[in-house]
Amino acid sequence: MSTVSLYKLNGDSINDLNKYSMQSIKKLSLTNFDNITELPYLSEVEELVLTDCNQINKIPKSYTKLTKLELINCVNINSIPETFTNLTELNLYNSPIFELPNTFTKLKKIYIYNCINLKSIPDTYSKLKYLTIDNCENIKTLSDKYVKLHSLTLNSNSITVIPNTYLRLKYLELNRIHDVKELPDSFINLKELKIGSKITNNIHIQSIPETYTKLKRLYLNYCKDIPIIPDKLINLERIELNHCEKIGNLPKTLTNIEYLQVYACGNMTELPNNLNKLKILTINSCNKISKIPVDIKNIEELHILRCPNISKIPNSLTNIKLLYILICNKITTIPNTFINLEKLSIDSCSGIKKLSSKLIKLNDLYINNCKNLKEIPLININKIIHEQKEYNFEVEQVPSKTPTPDDEENKKETKKDTKKSLLRKKKEEKDENKDENKDKNKDENKDENKDKNKNENKDKNKDEKKDEKKDENKDEKKDEKKDENKDENKDENKDENKDENKDENEDHVSNLDRTSSSSESGSESNSDSSSETSSTSSV
């Protein structure tokens, strides 16, 4: 046995758990053991996970081969034995531990969450690659010895300075860091940078270093003091800006961007026109932006939300597949060049009056509170009825041919109550289907009766032929019997009988021909039974 995972063994004691104490156990996970105060002796265990084991107050020192230790809500474990020198991963959640031993020199990954008693992390952890400190207010400094660090996440701490010795750092996330104002220039290998969260606004970092030239993903949330994105960050592929009030227009050198989201950036007036690789664009609550770039021809998703000054969507965006528009009252039409558009959502846009009939690939349509939208082409009307069960806008079917004056008059009359028109159309379709089914059933019954009559005639003729053959066989047997009983005068009357038999045979053949002819005539014209009886008597 290499792994033991136990959950909620209420009433168990250390004696009950000892049955699992085998030398081969490598991994042990215990959850909600309320009555166990001590752990069993396991000399070979390498991974230990304890969750909500409130009565356990210590970990045996004999677990010297332990490489991973995870303590979750174990409120009575105040210390970790120094003998765990092989530890490479340490995860502490809501732990009352005051200090970490210096002997864990092989540690590569540390995650510490809500450890309010912990004040520092030892300098001896020089092999550390992943470090996360979350909601640990008493940790105020970081050692500069973590030179192999690849990932650093700091959330809600009292740290004021980030050491500049983390030259291998590739991922940096800072959230609710009140006093950090500058980022080290030395993080030249950084590929992803996250500053702030979407629900906080206490970030005071003032700039992004130009030396972050390898940066590919940039997330800035509530960074009210950052004025620009450096133009040397040419490898950026994804940018998300949320409530960055001072940031102006993006540099034109950022030509590798594939994903761009701009939300409540009040100082931004336009977007670069050379974003040739852009696939997804979201503009939200940017009052000064008045147009969408015309050269972003490879874009597939466009989201425009609460942008009162955007009045037009470029016709050049022919590859777009998803379009979402919310509270953009100056936009009046959806370009008819969007032949690849599959999903369209229009919400609270009073300027839009009709949709193009060339949206041939549209299969998902949502419209809400568009009071001036009156026309939806027939090419989409069935999809709307089928997929959009409820909608609060008026829909009018646009005829495919040029309307006559009479049609225009009818059009005005039916505008007042479109829903009734749709219901009437549905009812007509239902009646039409009903009539069609009725005619279909009628034809089926007719064909069925015809086949039935045909089969009856066929069976009747078959029975008649059977009776004729039966009578014929009976007569033949009678003649044979008569021939056998002839007396010794057979030889003398041989010639006479021969002629007689010949005449009988000829008469017999003639009768058969007449019978066959009579049978065929009866099958075609359904002759009465008297003719059939006469033919049978003749035989």
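None of the figures in this text is laboratory data; all of them are computed from the coordinates on show. The structure displayed is predicted, hence computed values, not measured ones. When we count neighbours, we look across all protein chains shown, and the Cβ atoms used for this are built from the backbone with ideal geometry, even at glycine.
The percentage of C-alpha pairs in the range 172-268 whose separation is greater than 15 Å is 56%.
Using θ = phi - 60° in the Karplus curve 6.51 cos²θ - 1.76 cosθ + 1.60, the 3J(HN,Hα) couplings for the range 95-107 round to 9, x, 4, 8, 8, 9, x, 6, 7, 7, 6, 8, 4 Hz; x is entered for Gly and Pro.
The residues neighbouring Leu305, those whose beta-carbon lies less than 14 Å from its own, together hold a net charge of 0 under the Lys/Arg +1, Asp/Glu -1 convention. Remark on Leu250: its backbone amide H falls under 5 Å from none of the residues 5 or more positions apart or on other chains, H modelled at 1.01 Å from N. For the range 75-83, putting each phi into the Karplus relation 6.51 cos²θ - 1.76 cosθ + 1.60 with θ = phi - 60° gives couplings of 6, 9, 8, 9, 8, 10, x, 6, 6 Hz, in residue order, rounded to whole numbers and with x for Gly and Pro.
Once C-alpha pairs closer than 8 Å and six or more residues apart are averaged by separation and normalised to the residue number of the range 172-268, the relative contact order reads 22 percent. Sequentially through the range 320-337, phi angles give Karplus couplings (6.51, -1.76, 1.60; θ = phi - 60°) of 5, 10, 10, 9, 10, 10, 9, 6, 10, 6, 7, 6, 10, 9, 9, x, 7, 8 Hz, Gly and Pro residues having no value and appearing as x.
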